[in-house]
Amino acid sequence: MSIIQPSLSVIYTKTVRGFTLIELIVVICLVAILGATALDRLFWYQGQAEKASMEYTATMIKSGLWISTANLMMANRNADIPALATQNPINLLAQKPENYLGELTPDNIESLAGGNWFYDNAKHQVVYIVGQRHYFIPDTPGDYTIKYGMKVLYGEMELASGNKVSYITGVALMPLSKYSWN
């Protein structure tokens, strides 16, 4: 029994070591790299969500313009259609977007919060202010707005006599700003 006793004491007296300083630094670096990558992806996803929301709202405004144009055409009020291009198209929506600031004549757009829409009374434009700017690349550096204007669309029809007649086909919401959202 005295032979077993010394071998057990060797097993129990061995001490457990902790992390060395080098191992700790490597782990902290790996966690930092993974965190930075995750944060970069988070910003990208936020930008893509904002882009999708902005495009959805623009599509709803376009639909409102087309429906209003169709209603005027059905009522045989074609002469009233060009006036749609000078009115606030957001008023045509059944429900205004939650991030709509109203009709403004902004002196300083930078003071307005990003992620919002407004209608510029002076220029007759619908404007979106980009909130997530990490992956947004404007055509004009520093201009983080996307502007839309209304345009009356005309078609042309040739009559049997050889004369061409112009007629209104609708009112479209046209992007005035060039940008890319990567």
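For this structure, a couple of remarks:
- Selection from 72, 25, 57 lying farthest towards where the dipole of the chain points positive, charges on Cβ: 25
- Largest mean-square fluctuation among 148, 128, 56, in a Gaussian network model of the chain whose springs join Cα atoms under 10 Å apart, belongs to 56.
- Relative intensity, log₁₀ I(q)/I(0), of the chain from a Debye sum that treats every alpha carbon as a point, q = 0.19 Å⁻¹: -1.23
- Computed over the chain: relative contact order in percent, which uses C-alpha pairs under 8 Å that are six or more apart: 19 percent
- The count of lysine pairs in the chain whose Cα atoms are under 24 Å apart, excluding pairs fewer than 8 places apart on the same chain, comes to 20.
None of the figures in this text is laboratory data; all of them are computed from the coordinates on show. As the structure is a computational prediction, the values presented were derived from the model and not from experiment. Counting neighbours? That spans all protein chains shown, and the Cβs are built from the backbone with ideal geometry, glycine included.
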